[in-house]
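Remarks on the structure that follows.
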Amino acid sequence: MITLVRRPTPSQFWSYATPLLAVIATMIAGGILFAILGKHPVEAIRVIFWDPLFGGNASYFRGQLLVKAGPLILIACGLAVGFRAGIWNIGAEGQYIMGALFSAWLALKMYPAESHWLFPAMIVLGALGGFLWAMIPAVLKVLFGTSEILVSLMLVYVAENLLAYMAFGPLKNPEGFGFPGSRNLQDYPSAFNHELIEGTGMHWGVVAALIAVIFTYGLMHRHITGFRIRVAGEAPRAARFAGVIPARLVMLGLGMGGAFAGLAGMFEVSGPSGQITDSFNVGYGFTAIIVAFLGRLHPIGILLAGLLMALTYIGGDMAQLMLGLPSAAIQVFQGMLLFFLLAFDVLTNFRIRFGRVAA
Amino acid sequence: MTELLKIDGLTKAYPGVVANDGVGFSVRPGEVHALLGENGAGKSTLVKMIYGLVKPDSGTMHFAGQSFAPADPRAARAAGVAMVFQHFSLFEALNVAENVALGMENPPPMRQLAKRIREISTAYGLPLDPARLVGDLSAGERQRVEIVRCLLQDPKLLIMDEPTSVLTPQEVEILFHTLRKLSAEGTAILYISHKLEEIRTLCEGATILRAGKVVASCNPREKTARELAELMVGAELKVTDRAERKLGDVVLKVSGLSLAPLSQFGPSLKDLSLELRAGEVLGIGGVAGNGQEELLATLSGERPSALGTVSLMGEDISGLGPNPRRAKGLLAAPEERLGHAAVPAMSLTENAILTGTMRKPLTRNGFVDQGAAKTFADEIIQAFDVRTPGSHVAARALSGGNLQKYVIGREVLQNPAVLVVNQPTWGVDAAAAASIRQALLDLAAKGAAVIAISQDLDELMEISDRFSALNEGRLSASRPTQGLTIEEIGMMLGGAHGMQEAAV
């Protein structure tokens, strides 16, 4: 018989070891999944985890790594703040879209005027777009006690429809020969979020992600506000006793997640993506939830987890291309990672005892 | 007479602690036998083994002449052992009969069960209406439901765990009548308590446990309460030093304070008024669940009340939250240590930050000064003799008594003008309880005002200058504790809450 015995103090060792264990377990279970699909498991894992870094065309893929990891890390940092407080913002994908729409709208309105102020203004508007979209579930929760999980999630689909409408309607490229999608901001120097160092994938969004990591670390682990946020997530009654005002906490938790997701959307639309199309969003907002938990809601962890997830994205694409794996299999693979992480989490607070232990 | 229950060499060890070490005692049919000991002495583990909840590592039990090793509570009940727990397991939204039926193996049809409940409860002087919702019952009446549930099984041995902690003195009288009647009919009762006077009036035999071992067996009527206490603690008891205190100006004034209930069956506060002077200890007594938690929450600022209802040193603070109140000198220590007064998974240092940032320089420009926080935590640990490997330990790793000392110490060391505490010594061993009471008295001697909310009337008599009763959300006018009798207090606490003993 296996029994779980509660640890008096959470284990430091296991809080670092469980993410690694989860990655290993995902490789094993994923390998089995790929084998069932008729692919060679070791080769599939190698294509996903090894080839993008050290394979034949690695120099191209290494650049892609930062491009993909940037938005994931940025969004996950914001989400982690809310998650720590027990506020479950599942709608970062929608906030990401709104950030992109707000900033692209400004750029397309200004086109073709050149100005040094345009890019900073787009950054502000991107953050604002995500923030306002996140305020909808926040205000509804404060006023009516609605579930922020449901409202924020459903607003993703509203945002997606808005995105499609904008891509086919108001923001459509007037010189686009009827094709859906806006002008490409990559051809608009004032608005273009260009690569800072050629070939590295390093753009302003990646810089923003690094700043977000440092900022979130300072807020959550050095500042009294972060301390109160963590208390609220651990013990809501103790938080009220410590003077936390629940309504403000909801606003802050959702607001920061929204603003960071909006920023990520802005950097994406003005850089790697370049234009508003109906297929602009690729699920960064959802994957960032996994990144946040894989990184133990800790900014440094999120940094590493973001890079890892980006790797599975790129590796997953390669596996689709080279081995013909269905994209659903890759998503299942990424989902497994979160699943195993949450499952192994039990080791942080409990120790496992084999054999009979009386109650 | 032969023994009903005989226990020999019962041992049970948990990782790091031997809860019961070779415990042996016996109970005759019809005997009311007390099990005495401090918290952590091993009383609960012992009765859990008798009731089949915990398996002993070694040792034997005999029940009614036969070897007895219940695999689970069902087996224990089948043999004739029943138990009334300290914490009730009742559903508030169901009625009495439904609650009783839920605890039975094969409940009879509801109408028949209701009739049985009425018969049994009346026969034993505990009248109960089977159709009433449990949510509407007082704590004493809820306990009756638990007792009647046991009596329906016709037990040979009834175990009662701290049954009087939720009762007023008058309700205790009624319960004792019932227990004596049961005993006269031959039912043995194993009575767990740390209230010594009660044990001296009710019990014929007593087994005293300390640190998992039987340290004495005696007839409690032949010992004084003090002798029993010293057997329990294993040392001479210190008497709290209640030095002469000088009363200053009124520091806290509450007038016409009302508060809506938190939950459906929760109490509301109704038109509360009180005045508190510097250097004074006001004791507020009453059975838990009559508004104690709500009173603390509204004074601490967690649930601010209407404007003009609470003023501190002449300034209206009714609308302020906990931190502004702390800044002005009003501190509080809630009853629930884990999850309210302290965050279970956080370290003691972090828990010092929880309430300490307003009056101690634990932050700089909003950033936490870890060094200062650790120094403050270590200061509390030192001053209040908190037994812990260090301030890095999570709050939940501490024993209840140690954490309570830490939580009270954290507030006391911030030099409050007014300190409100709820159940300051609940679940705390006698030595720790004495040191907490002394700390509160010392604080008052230095000129602070203290409100002590407690169910423990002896405690309130010991430390407070004035006494008020909180009953069903109403606060009685306060009276000086000197010369107050236990009957008078009982009447202030609402007497028997309208409960009556049936004429038998």
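The values are calculated or read from the model by the stated rules, or taken from the named source; none is laboratory data. Everything numeric here is computed off the predicted structure, so don't read it as measured data. Positions of Cβ are backbone-derived with ideal geometry, glycine not excepted, and every protein chain shown enters the neighbour counts.
Some observations on this one:
- Check on A:F179, free of Cβ contacts under 8 Å to residues at least 40 places away in the same chain and under 19 Å from A:A100 (Cβ atoms): yes
- Among (1) under 20 Å from the mean Cα position of the chain (by Cα); (2) more than 10 Å from chain B (Cβ to nearest Cβ) - the single one A:A247 does not satisfy: (1)
- Within the range A:296-324, residues that are buried (at least 23 other Cβ atoms within 10 Å of the Cβ) have Cβ atoms under 7 Å from residues that are basic (K, R) and not in a helix (DSSP H, G or I) in no pair, counting only partners at least 6 apart in sequence or on another chain.
- Test: residue in the range B:183-196 that is at pLDDT 90 or above and over 23 Å from B:G24 (Cα atoms): yes
- Candidate set from the range B:399-448 (those that are part of a loop (DSSP other than H, G, I, E, B) and in contact with a Leu (Cβ under 8 Å, 6 or more places away or on another chain)); member that is surrounded by the most Cβ atoms within 10 Å (Cβ to Cβ): B:P424
- Those helices (runs of 4 or more DSSP H) of the range B:315-398 in which at least 2 residues are surrounded by 24 or more Cβ atoms within 10 Å (Cβ to Cβ), of a type in the set (A, V, I, L, M, F, W, C) and more than 8 Å from chain A (Cβ to nearest Cβ), considering only elements entirely within it, cover B:348-356, B:370-383.
- Boolean, B:S468 is small (G, A, S), at pLDDT 90 or above and closer than 22 Å to B:P267 by Cα: yes
- Boolean, A:L20 is within 14 Å of another protein chain (Cβ to nearest Cβ), outside any loop (DSSP other than H, G, I, E, B) and at negative phi: no
- Residues in the range B:177-232 that are of a type in the set (D, E) and free of Cβ contacts under 8 Å to residues at least 24 places away in the same chain: B:E222, B:E227, B:E230.
- With respect to (1) in a loop (DSSP other than H, G, I, E, B); (2) within 12 Å of another protein chain (Cβ to nearest Cβ); (3) under 25 Å from B:E459 (Cα atoms); (4) not small (G, A, S), the lone exception for B:E302 is condition (3).
- Filtering the range B:119-145 to residues that are buried (at least 22 other Cβ atoms within 10 Å of the Cβ) and part of a helix (DSSP H, G or I) leaves B:S121, B:G140, B:Q143, B:R144, B:V145.
- Set side by side, the residues B:G37, B:G52, B:G59, B:G9 differ, and just one is farther than 30 Å from B:F265 by Cβ, buried (at least 23 other Cβ atoms within 10 Å of the Cβ) and assigned by TED's automatic domain parsing to the domain that holds B:L182, which is B:G37.
- Within the range B:201-214, one or more residues are assigned to a helix (DSSP H, G or I), within 30 Å of B:G494 (Cα to Cα) and either modelled with pLDDT of 85 or more or among the acidic types (D, E) (or both).
- Matching option when the condition is in contact with a Gly (Cβ under 6 Å, 6 or more places away or on another chain) and either on the phi < 0 side of the Ramachandran plot or assigned by TED's automatic domain parsing to the domain that holds B:F467 (or both), among B:L269, B:L312, B:L274, B:L295: B:L269
- Among the residues of the range B:479-493, the ones that are crowded, with 20+ Cβ neighbours inside 10 Å and part of a loop (DSSP other than H, G, I, E, B) come to 1 in all.
- For the range A:120-136, the set of residues classified as touching a residue at least 60 places away in the same chain (Cβ under 8 Å) and under 20 Å from the mean Cα position of the chain (by Cα) consists of A:I123, A:L125, A:G126, A:A127, A:L128, A:G129, A:G130, A:F131, A:L132, A:W133, A:A134, A:M135, listed by residue number.
- Just one of the numbered conditions (1) under 17 Å from B:P424 (Cα atoms); (2) within 14 Å of chain A (Cβ to nearest Cβ); (3) among the β-branched types (V, I, T) is not true of B:V281: (2).
- Every listed requirement among (1) within 14 Å of chain A (Cβ to nearest Cβ); (2) surrounded by 18 or more Cβ atoms within 10 Å (Cβ to Cβ); (3) outside any strand (DSSP E or B) is met by B:A71 save one, (2).
- Flag if B:L53 is within 27 Å of B:V134 (Cα to Cα) and within 14 Å of chain A (Cβ to nearest Cβ): yes
- Flag for A:I36 being closer than 21 Å to A:I290 by Cα, at pLDDT 90 or above and more than 14 Å from chain B (Cβ to nearest Cβ): no
- Strands (runs of 3 or more DSSP E) within the range B:1-58 that include 3 or more residues β-branched (V, I, T): B:17-27
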